[in-house]
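Visitor: Pasting a structure here, questions to come.
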Amino acid sequence: MKELKNIISAIEYLENNHQKAAIATLVKVSGSTYRSPGARMLISHDDDTIGAISGGCLESDVFEKAQAVIESERPILIKYDTTSEEDMIWGLGLGCQGIAYVLIEPLEQTKLQEIAFIKKCLSTRTYGAIATVISAEGESKTQLGQRLLLGDETIINNLKDDNLLTEVLNDTKAALQDNQSVLKEYDLEAEKIEVFIEVIQPPLSLIIFGAGYDVLPLVNFSKQLGWDVTVLDNRSREASKKRFAQADKILLSLPEEILEKIEITERSVAVVMSHNYLDDLEMLKLLLPSKLKYLGILGPKKRTNRILEELKEEGITPDANIHSPVGLDIGADNAEEIALSIVSEIQAVISQRNAGFLRNRNAPIHVKKE
């Protein structure tokens, strides 16, 4: 998410300064690949790049081909096959055992329209979907790079074929409903079209209840991932605003005022770490019925169970997905290690993974479920 935000910011700078650029997008993969479809890389005309579409093995070649795209102002689709047993693809010796298709497009009006659409999805915290033509064969009015943008009751379309538009629109709505990017093939009368439908998700929103010294590394790690971070301190300590300046919001609020100042959505997660039993009790009284997909509680399991028992006596039962003790079992001891274990657990829960060792995984690493 942070990478995408950086690309958007850089594009705004390039546009304001009337500089040419190209965007490379990983749109189709098979076998073993470092990134999953949707990964982007911005390439300017003056040798600057932001983002990546692989682990570094494809970027130099993509950069060279992007310069030609910038000059011609015409998109191209490049196939990178790293399955060769000779392990000497382009003389680089990659041997990644995967095939990657990269769409390289000039930064022109329709592409800027797509970037503006993505920025709106992120800033308004709404979902969107982008359907992009990545190949077109036969007698077709459809061209590489034509797309449909579907947001909250908003459709932006430059697909020229009405029959294709109907099918793509239906599939894009389905992808948005399933919250799952997908690759689709369409066999029409005289054409064969391949479309990559990408679902744009709003950034994860982490709400941290507490303002101790151990909150700071959690804020820092979360911001490195591009999450939106809110720190809530139920004491009127102005020093908290300075300490957590990197956070998107710092709220000084009493527990009973919490829900008036924060928004909890399906992309919200929370960690309670005030180190004060009574404060945690009051915060959890409000958070437990919220249906949070992740609610981490710092402290021993015995302490959390006692809080839950007290709340149960008041008729409050948890709907939120509680994780206590908070974090993964990585042997964390200090504040930084504990923060790492917490963000890792949140990432695993949101990605629907079990957080096990990749060496024990039988399915490809980018497949959500085995």
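The values are calculated or read from the model by the stated rules, or taken from the named source; none is laboratory data. Computed from a predicted model, the values in this text were never measured in an experiment. Here the Cβ is made from the backbone with ideal geometry for all residues, glycine too, and neighbour counts use every protein chain on show. Heads up: the accessible areas ignore ligands, DNA and RNA and are worked out on the full protein's heavy atoms, side chains in. Shrake-Rupley method; radii C 1.70, N 1.55, O 1.52, S 1.80 Å.
Visitor: Which one, (i) 174; (ii) 141; (iii) 218, gives volume of the Cα convex hull per residue in Å³ as derived from the coordinates shown?
Guide: So the calculated entry is the one marked (i).
Visitor: With a 1.4 Å probe and all protein chains in place, put HIS45, HIS275, HIS323, HIS18 in order of accessible area, largest first. Each step should come with its number before you reach the end.
Guide: On the way: HIS45 80, HIS275 120, HIS323 35, HIS18 165 Å².
Ranked list, largest accessible area first: HIS18, HIS275, HIS45, HIS323.
Visitor: Which order do the peptides 242-250, 51-59 take when ranked by the mean count of other beta-carbon atoms within 10 Å per residue, highest first?
Guide: Working: 242-250: 16.4, 51-59: 18.9.
Result, highest mean first: 51-59, 242-250.
Visitor: What is the packing order of peptides 7-17, 115-125, taking the mean over residues of other C-beta atoms within 10 Å and listing the highest first? Walk me through the numbers on the way to the answer.
Guide: Working: 7-17: 14.7, 115-125: 17.0.
Peptide ranking by packing, descending: 115-125, 7-17.
Visitor: Which value, in Å², gives the accessible area per residue of the chain when a 1.4 Å probe is used on the protein heavy atoms? Please list the in-between numbers first.
Guide: Working: 19050 Å² over 370 residues.
That works out to 51 Å² per residue.
Visitor: Follow-up. Do any GluC sites (Glu not before Pro) in region 121-186 lie in a loop, going by DSSP, with at most 11 other beta-carbon atoms within 10 Å of their beta carbon, and if so which?
Guide: Those satisfying the criteria are GLU139, GLU153.
Visitor: Still on this structure: What is the dipole size for region 114-173, taken about its Cα centre, with +1 at each Lys and Arg Cβ and -1 at each Asp and Glu Cβ, in debye to the nearest 20? Before the final figure, lay out each step's value.
Guide: Details: 7 positive and 9 negative charges, 78 e Å.
Dipole about the Cα centre, nearest 20: 380 debye.
Visitor: Using unit Cβ charges (K, R positive; D, E negative) and no other charged atoms, how large, in debye to the nearest 20, is the dipole of region 205-351 about its Cα centre?
Guide: Numbers: 17 positive and 23 negative charges, 42 e Å.
My answer is approximately 200 debye.
Visitor: To the nearest whole percent, what portion of all C-alpha pairs in region 109-155 is separated by more than 18 angstrom?
Guide: On the way: 378 of 1081 pairs.
In whole percent, the long-distance tail amounts to 35.
Visitor: Another question, then. What is the dipole size for the chain, taken about its Cα centre, with +1 at each Lys and Arg Cβ and -1 at each Asp and Glu Cβ, in debye to the nearest 20? Before the final figure, lay out the partial values.
Guide: Values: 41 positive and 57 negative charges, 203 e Å.
Around 980 debye, computed over the chain.
Visitor: Give me the distance between the Cα centres of region 22-55 and region 199-227, rounded to whole Å.
Guide: Each part's Cα centre sits 25 Å from the other's.
Visitor: So how tilted is helix 277-287 from the main axis of the chain? Cα-based, degrees 0 to 90, rounded to 10.
Guide: 50 degrees
Visitor: Could you check how much of the accessible area of region 111-200 is carbon and sulfur, as a whole percent, using a 1.4 Å probe? Working shown, then result.
Guide: Values: 1900 of 4440 Å².
Result for region 111-200: 43 percent of the exposed heavy-atom area is carbon or sulfur.
Visitor: Could you tell me what percent of the accessible area of region 205-351 is made up of carbon and sulfur, with a 1.4 Å probe and every protein chain present?
Guide: Working: 3600 of 7240 Å².
C and S fraction of accessible area: 50 percent.
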